[in-house]
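Structure record follows, encoded as structure tokens.
The values are calculated or read from the model by the stated rules, or taken from the named source; none is laboratory data. Quick caveat, the model's predicted, so the values are computed rather than measured. As a convention, Cβ positions derive from the backbone with ideal geometry for all residues, glycine included, and neighbour counts pool all protein chains shown. Each accessible area value is taken on the protein alone, full model and side chains, heavy atoms only, with ligands, DNA and RNA left out. Shrake-Rupley method; radii C 1.70, N 1.55, O 1.52, S 1.80 Å.
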Amino acid sequence: MPSPAAPTPRTPGPESPSPDIADADGPKRGTPPPPGLLTFAAPRRAKPPRHLADLSPAERREAVAALGEKPFRADQLSRHYFARLVDDPAAMTDLPAAVRDRLAGELLPTLLNPVRTQTCDGGRTHKALWKAFDGTLIESVLMRYPDRITMCVSSQAGCGMNCPFCATGQAGLTRNLSTGEIVEQVAAGARALARGEITGGPGRISNIVFMGMGEPLANFKAVLGAVRRITDPAPGGLGISQRSVTVSTVGLVSAIEKLTAEKLSVRLAVSLHAPDDELRDELVPINTRWKVAEVLDAAWAYAAATGRRVSIEYAMIRDINDQAWRADLLGRLLRGKLVHVNLIPLNPTPGSKWTASRPRDEKEFVARLEAHGVPVTVRDTRGREIDGACGQLAAATQT
């Protein structure tokens, strides 16, 4: 099988120096990273302006007091941003005009400017391209289903994990997003829904998945802050249940352990894509740091601590990882565990040499997993036509 050369295995732990790890400046923007190169340290960039969503409720009151205003003004701002979904300071009429303009300027700066919105699925799928203060481009996707509305958010601009079948990974890592930039993706989607701008009429976001651009657990602090802002009851946050939030990872074991220690109720999704180390070293380069057994052990510890079923994400790639014997191996690894498998037909990306599995091979893979007693579903390809499906987000500005 032609594939990128896998780097030499290293001792687990992103703290360990390695020639296969990019330095803090990262690969040059716009240049695909060399095969197998992992980038843990985000490139050094200017930081986005401080935003209300970066701060806990207590920190907001402190920030408002430091500006010479009464601390309760922070609660008013929070109510407008998180509960009423107001983004125009002029509409915050319970605040005196002078106070309103000053506080909005300091704590509600514009973080993301819309560049383009693309839709498909009869207007029920929206992919938004955003430009941050420094010109960084990111994407988010809102998907409306009959029984739920899911928001897929980005945690980084680009990604440093360099999976060769993923458009985001092939773009390299530009920088981490701030907590505020992550939350604003959700808030923008919530505002559009509340205003009836999405096909189907007014609605509310019911699910959040950290499956957009980036490796969420490589930006742990900002992602944790975003989870808390998203799930804190209004007006402290957006009031979405933790049980409706999924945090995805390619398998950063030390970060999974940190997430376990936080005692949250979010779901963990592990992008496995191969049950054997030989193939996973090539498809998911982080496997040269933490092997399949280590990643799954960390996932089972998370499930035991939280009581939440772990999702195993598995992109089905024709003649690469879709053999019946690999389905049996995966079934043996997962049987008896608190787990569910999401099989993802590989979505096309520019220049990719790989494609989705044949329907008959996909069907056989499902049957083999079910024979081992492992629950499995095949994910739909929502957003594929607008490059908004899993693995396709690349924040391209071309039309």
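A few remarks follow.
- For volume of the Cα convex hull per residue in Å³, calculated from these coordinates, the label among (1) 137; (2) 236; (3) 126: (1)
- Over the residues of the chain, the helix contribution to mean residue ellipticity at 222 nm works out to -8500 deg cm²/dmol, using -39500 (n - 2.57) for each DSSP H run of at least 4.
- Straight-line cross-link reach from Lys363 at under 19 Å between alpha-carbon atoms covers these aspartates and glutamates, not counting any fewer than eight positions away in the same chain: Glu313, Asp319, Asp322, Asp328, Asp380.
- Counting charges near Gly196 (Lys, Arg +1; Asp, Glu -1) among other residues having Cβ under 15 Å from its Cβ returns a value of +4.
- Legend: residue pairs Lys221/Lys353; Lys263/Lys337; Lys131/Lys221; Lys70/Lys127; Lys258/Lys337; Lys47/Lys258, Cα-Cα distance threshold 28 Å; pairs beyond threshold, Lys221/Lys353; Lys70/Lys127.
- Between His340 and Arg360, the contour length at 0.36 nm per residue exceeds the alpha carbon distance by 5.1 nm.
- Area accessible to solvent at Ser140, 1.4 Å probe radius, in Å²: 0
- Given charges at Cβ of Lys, Arg, Asp, Glu: segment 171-290 dipole, positive-most of Pro285, Pro216, Ser265: Ser265
- Cβ-placed point charges (K, R +1; D, E -1), dipole of segment 212-267 about Cα centre in debye, nearest 20: 120
- Within the chain: Cβ-based charge dipole about Cα centre, in debye rounded to nearest 20 (Lys, Arg +1; Asp, Glu -1): 720
- From the alpha carbon centroid of segment 253-281 to that of segment 189-204 is 33 Å.
- Candidates Ala315, Ala58, Ala194, ranked by Gaussian network fluctuation over the chain, Cα under 10 Å, top entry: Ala58
- Hypothetical label at Ala98: residues of segment 40-60 whose amide nitrogen lies under 14 Å (7 Å Cα-Cβ projection): none
- The phi torsions of segment 42-54, fed into the Karplus equation with coefficients 6.51, -1.76 and 1.60 and a -60° offset, translate into couplings of 5, x, 6, 9, 5, 8, x, x, 4, 10, 3, 6, 6 Hz, rounded to whole numbers, with Gly and Pro shown as x.
- Mean-position separation - Cα centroids, segment 219-246 and segment 348-366, in angstrom: 34
- On Cα atoms only, tilt of 179-194 relative to the major axis of the chain in degrees: 80
- The listed residues Arg73, Arg44 rank as Arg44, Arg73 when sorted by accessible area, largest first, using a 1.4 Å probe.
- Heavy-atom SASA rank of Arg228, Arg332 (probe 1.4 Å, accessible area, largest first): Arg332, Arg228
- Against the compact-protein benchmark of 2.2 N^0.38 Å, the Cα-based radius of gyration of segment 62-175 scales to 1.38.
- Max mean-square fluctuation residue, GNM over the chain, Cα-Cα springs under 10 Å, options Ala222, Ala98, Ala74: Ala98
- Accessible area of the chain divided out per residue, in Å², using a probe of 1.4 angstrom: 41
- In range of the label at Arg243: residues from segment 187-210 whose backbone nitrogen is under 16 Å from the point 7 Å along Cα→Cβ: 206-208
- Where Lys221, Lys291, Lys131 fall by accessible area, highest first, once all protein chains stay in place (1.4 Å): Lys221, Lys131, Lys291
- Taking label positions 7 Å along the Cα-Cβ direction at both Ala83 and Glu278, the computed distance is 6.0 nm, reported to one decimal.
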